[in-house]
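Only the coordinates and a few stated rules stand behind these numbers; no lab work does. Just so it is clear, the model here is predicted, and its values are computed rather than measured. Virtual Cβ from ideal backbone geometry, glycine too; neighbours counted across all protein chains shown.
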Number of protein chains: 4
Amino acid sequence: MKELRDRKVELFRQTNKDRARLLISCKDQPGIVAAVSNFLYEYGANIVQSDQYSIDPEGGLFFMRIEFILPDLKRQEEKLEEAFAAIGNQFRMDWRFAYAYDIKKMAIFVSREDHCLMELLWQWQAGDLVADIAVVISNHPDLGPTVEQFGIPFYHITVTKDAKNEAEQKQLKLLEEYEIDVSVLARYMQILSPTFISSQPERIINIHHSFLPAFVGAKPYERAYERGVKIIGATSHYVTDDLDEGPIIEQDVLRVNHNHNAEDLKRLGRSVERSVLARAVAWHLEDRVLIHKSKTVVFN
Amino acid sequence: MKELRDRKVELFRQTNKDRARLLISCKDQPGIVAAVSNFLYEYGANIVQSDQYSIDPEGGLFFMRIEFILPDLKRQEEKLEEAFAAIGNQFRMDWRFAYAYDIKKMAIFVSREDHCLMELLWQWQAGDLVADIAVVISNHPDLGPTVEQFGIPFYHITVTKDAKNEAEQKQLKLLEEYEIDVSVLARYMQILSPTFISSQPERIINIHHSFLPAFVGAKPYERAYERGVKIIGATSHYVTDDLDEGPIIEQDVLRVNHNHNAEDLKRLGRSVERSVLARAVAWHLEDRVLIHKSKTVVFN
Amino acid sequence: MKELRDRKVELFRQTNKDRARLLISCKDQPGIVAAVSNFLYEYGANIVQSDQYSIDPEGGLFFMRIEFILPDLKRQEEKLEEAFAAIGNQFRMDWRFAYAYDIKKMAIFVSREDHCLMELLWQWQAGDLVADIAVVISNHPDLGPTVEQFGIPFYHITVTKDAKNEAEQKQLKLLEEYEIDVSVLARYMQILSPTFISSQPERIINIHHSFLPAFVGAKPYERAYERGVKIIGATSHYVTDDLDEGPIIEQDVLRVNHNHNAEDLKRLGRSVERSVLARAVAWHLEDRVLIHKSKTVVFN
Amino acid sequence: MKELRDRKVELFRQTNKDRARLLISCKDQPGIVAAVSNFLYEYGANIVQSDQYSIDPEGGLFFMRIEFILPDLKRQEEKLEEAFAAIGNQFRMDWRFAYAYDIKKMAIFVSREDHCLMELLWQWQAGDLVADIAVVISNHPDLGPTVEQFGIPFYHITVTKDAKNEAEQKQLKLLEEYEIDVSVLARYMQILSPTFISSQPERIINIHHSFLPAFVGAKPYERAYERGVKIIGATSHYVTDDLDEGPIIEQDVLRVNHNHNAEDLKRLGRSVERSVLARAVAWHLEDRVLIHKSKTVVFN
């Protein structure tokens, strides 16, 4: 069992050898691109993709993502970062190197509905989702056998109103134990506490089954049916303390009509939820998403 | 000038000779379709299109739209309606015949933004929008010359906070004078009073520049930008006393990204607003929209 | 193993108790709808959905699909069909009753790519695809274990250039043995012989990985990349002797750009192929697709 | 009349003061981005947007577009270009500076259908299409009055089979006289000769009313109807000697069904043609399109 997961991770690591991304955000000012590209050029890095975005050219904010290949990168990580620190200081940057061979460790939280979980597992198995899906955590036991077929450990942690705190402590312990980099709420039907969320900043991705900000909160399909909308949607966003108000990563929609009742909307909506969540998670894994206040910059 | 409008109406009338639609809503019960189709068969009507919808097959509601052609229809209107009344009574139907050659008289309300107005005028000129655009009313004088080029009368009625009632009285007088069947708010930036609205039930169509129920009210593009949505939209709906809460006729969306500022959203959104409003108005004109409580059944 | 499949079929049968569809195509003529709706009314059938389409109102063709519920339908099948034959003769109809509780037996043909197969199996498992997936046939052994996890028999039949005929004989024998109603080619990378196809008229559904009629034949993604298209697509159609020329059931598309190479198109296209095929198969299973010459009428 | 056009151009010029784009294509090699960004930094240019694309990181091709603002740019054009030539030579680049205040002079070719023409004129009037629409040329006189209302000269040049060459000579003379930078075929129903095309390399944009490469050539909507496609489309591309085979700039699609006949497809397709052509032309005007062999790189 465990073999399948280990083999996947090893395969991903090999495929991404020598590949990294440099992520920068800072106050916009002249000379940033020149300084950064000179730096990478001198190190012999081959720039594969480069994206930048300025909120307001004059005196605003600057965001950049550079994907590059540098032979024998793993051995040069430390040297590279030390050298880049000078540029970072000069421009007062928030910066980090993300090494693509450091496959991100992912936890998936799930309740009873399996479609979002299955899409992730399936894309992972097909090699399209480059992550180490280290653990699946659920407040119901139902999906255990399915998850274990993929060689991934499954933990059933009951969540009750009175013992929510204890449950979250167990969950956090698992995240620590498995050294989780990112948690994905794949239709996990529990609201996380502020304590939990603040311990995982910008590291929890949720799928909400509506086109936010329409239908924040519970039962969005029922409310979409009641309102008589002609299009339904799904939204993937980072989780913050404000329910369904976190920075949006991706959204998509689907046309419906008066023939569809609330059950139809649920059924049809599943395919949108699946693809929206999978895209958002993939972009996060490839370090394509930068968060700025309540919004995202997605370089895709 | 006036000639262009008159010629259009005459042309539409000829094209739609002998064509009508029968619209029915009632409690669902056995035998409706049989009774209605027998009736039309006996009159020699040729059914061109037939649509029906039951909210809940057992004991729910039933909606039907039948489009038919009946030679020499104009002379038989009265006889047909008298005869159908028996069926209507039997099934306790809300029913009406809508004769396609009775080209609907339309008023367009507009402020300063011209894109929705122009789309309607243009589709009307191309023969795609079968209406008698009888009058354009605006709270600003700017678009007068443009409208008059199309041979359509333009009225500038100033709307001020203190004299809103007087302005609405003038508007209602125009609607009466021109025997208006439907009013279209083509980005008309004034809120109509309950008195005005209740005098025009199910006869006012609005375009809202957001994907309702997201961003009800003012400045939806600015708020969409602030929220960081990845998709924007537009919604056309019937106007009721609850702002932006009336029955939705049509919606559509457009993908955007972090590169787009609020001004970009406005510019890009214009094309969605145009097409959504034009579709909704066309469906209304073709008697394809049935209203049921706060929702629509659109047979398209 | 076999239990899972049996349980699914039994469940579907119960859910669809007393439900049937009447499918009609004939020359357009007055009185059809009246006759058919009278007939169903007299039998006490409750019409759930009714769709019709006339190619040309005067002297053209008429297509109709009526979905109805009739208590204790199973015992009345024979009587109903005998009685309807009179109407069928009168209007020279092609007609058939399709009983929803007669769950259709499906064979899936697959090669090495699993995404279309998995989408079907998954929707079937979720109860969204109401079929008896009776057998999966492949020219490669790879997907056997996956299929068998779903309790579905898997047959590996090697297809070689020289022994294609023998392979097809084996396949046809399986279709007969399992009493297959419809075969789905879920990225089955072999061209079927005219003999095979003519033995399964209007019963084979294929997914082609392009937006037909663009890129008929082999390697559509590579050719889409070479041509520099900005949108790719997928097409599901009935199989006829003319390669990729059969009646189209459903198509969908996806936006791409210069950043995507042929491998990216393949990867992105998988999601479109999956959803297009699943929709087409579902519509076929619900008897929503009528074939007329080289085209389809889809009542959805 | 002429005033309107002159005022537009002056307005566009003011809005785009000090703004330019640098366009580069060359063999991919280390140090390009560093060299270019250093150069612009030293000149005090403020980079507004920067996009790059490498076909194959190792030994492939490199494309770049940098949009920047440089105070008092108009006076420094010559100096800037002379100085950049050294970098251009070093990396053997194809390069050019495109100054945004040099508003491009556009000719529109049209026949009888007005929808694509009107969309361009309208977006131009709204300030969304930044061009100097210097002349409209048609093989029919019908649209003259409409065009002249916009203050734009209209030329009717009859095109006959026998005198096509003479007609093209007249057209080319107009292009020269008005110093045209780009010609847009807005549903111009004539095939241009190789001589004409080769005199305007990469300067003629066409709209084809199908989703290319499906339905190359005449009557695409009729053929789409015959084939029974479920989605129709439109394609904007540069014109080359191979009919409908030039580099694609933009495509879009629209869902249709069996209810739509060929006339419906034409009517519905108009809205897609309009928006696809307008987007393609806007991108060309903003120097966002680089041509590489038979394909485009669109930085949008």
So how far apart, in nm, are the two label points at A:Lys161 and D:Arg112 if each is 7 Å from Cα heading toward Cβ? 7.4 nm
Using a basic spin-label model with each label point 7 Å from the Cα along Cα→Cβ, how many nm lie between B:Leu254 and A:Glu226? 3.2 nm
As a check on your reading of the symmetry: which chain A residue has its Cβ nearest the axis that brings A onto D, and how far is it in Å? A:Ser37, 3
Quick check on packing: order D:171-183, A:178-190 by the mean number of other C-beta atoms within 10 Å, highest mean leading. A:178-190, D:171-183
When the Karplus curve 6.51 cos²θ - 1.76 cosθ + 1.60 is applied with θ = phi - 60°, which whole-Hz ³J(HN,Hα) does each residue of the stretch C:32-43 get, with x for Gly and Pro? 4, 4, 4, 4, 5, 6, 4, 4, 5, 4, 5, 7
Got a sec? Which residues in the stretch C:123-152 would a label at C:Glu3 touch, if it sits 7 Å along Cα→Cβ and we count backbone N under 13 Å? C:151
Around D:His292, which amide H atoms from residues at least 5 apart in sequence, or from another chain, sit under 5 Å from its own amide H, with H modelled in the peptide plane? D:Val297
Bounding extents of the stretch D:151-300 in its principal axis frame from Cα atoms, largest first in Å, are 49, 40, 34
Can you give me the distance in nm between label points at D:Asp94 and B:Asp102, each placed 7 Å from the Cα along the Cα-to-Cβ direction? 6.4 nm
Normalise the Cα radius of gyration of the stretch B:47-175 by 2.2 N^0.38 Å (N = residues in it) and let me know the number. 1.47
Which lysines, on any chain, are close to D:Lys74 with Cα under 24 Å apart, when same-chain ones fewer than 8 places away are left out? D:Lys8, D:Lys17, D:Lys104, D:Lys105
Under a Gaussian network model of chain C whose springs join Cα atoms within less than 10 Å, the largest fluctuation of C:Ile24, C:Ile249, C:Ile133 belongs to C:Ile24
Compactness of chain C, expressed as Rg and Dmax over alpha-carbon positions, Å: 20.7, 63
If amide H atoms are built 1.01 Å from N in the plane of the peptide, which residues on other chains or at least 5 residues away come under 5 Å of the amide H of C:Asp252? C:Ala234
List, in order, the whole-Hz ³J(HN,Hα) value for each residue of the stretch B:149-154 obtained from phi through the Karplus relation with A = 6.51, B = -1.76, C = 1.60 and θ = phi - 60°; use x for Gly and Pro. 4, 8, x, 10, x, 10
Report, to the nearest 10°, how far helix D:262-285 tilts away from the longest principal axis of the Cα atoms in chain D, using its own Cα long axis and a range of 0 to 90°. 20 degrees
Could you tell me, in Å, what Rg and Dmax come out for the Cα atoms of the stretch B:226-300? 14.1, 41
Would you mind telling me the antiparallel percentage of the DSSP bridges in chain A, rounded to 5? 70 percent
Please report the antiparallel percentage of DSSP beta bridges with both residues in the protein assembly as shown, rounded to the nearest 5. 70 percent
GNM on chain D, Cα springs under 10 Å; top mean-square fluctuation among D:Asn16, D:Asn38, D:Asn259 goes to D:Asn259
To the nearest whole number, what is the average tally of beta carbon atoms from other chains within 10 Å of the beta carbons of peptide A:36-49? 4
Could you work out the equivalent-ellipsoid semi-axes for the stretch A:17-99, taking the square root of 5 times each eigenvalue of the Cα gyration tensor, largest first, in whole Å? 22, 13, 10
Residues B:Glu113, A:Glu10, D:Glu3, sorted so that the one with the fewest Cβ neighbours within 10 Å comes first: D:Glu3, A:Glu10, B:Glu113
What is the percent of Cα-Cα separations in the protein assembly as shown that go past 50 Å? 32 percent
Across peptide D:206-217, how many C-beta atoms of other chains are within 10 Å of each residue C-beta, on average? 3
Table column - 3J(HN,Hα) (Hz), the stretch C:197-211, Karplus curve with 6.51, -1.76, 1.60, x for Gly and Pro: 4, 5, 7, 10, x, 6, 10, 10, 10, 10, 10, 10, 8, 8, 7
Using a Gaussian network for chain D with springs between C-alpha atoms less than 10 Å apart, which of these wobbles most: D:Gly151, D:Gly60, D:Gly88? D:Gly60
10 Å Cβ neighbours from other chains, averaged over peptide B:238-249: 1
Using only alpha-carbon positions, what ratio does the radius of gyration of the stretch A:142-201 give when scaled by 2.2 N^0.38 Å? 1.17
Amide H contacts under 5 Å for C:Leu129, placed H, 5+ residues apart: C:Trp124
Per DSSP H run of at least 4 residues, take -39500 (n - 2.57); add these up for the protein assembly as shown, divide by its residues and hand me the 222 nm value, nearest 500 deg cm²/dmol. -11500 deg cm²/dmol
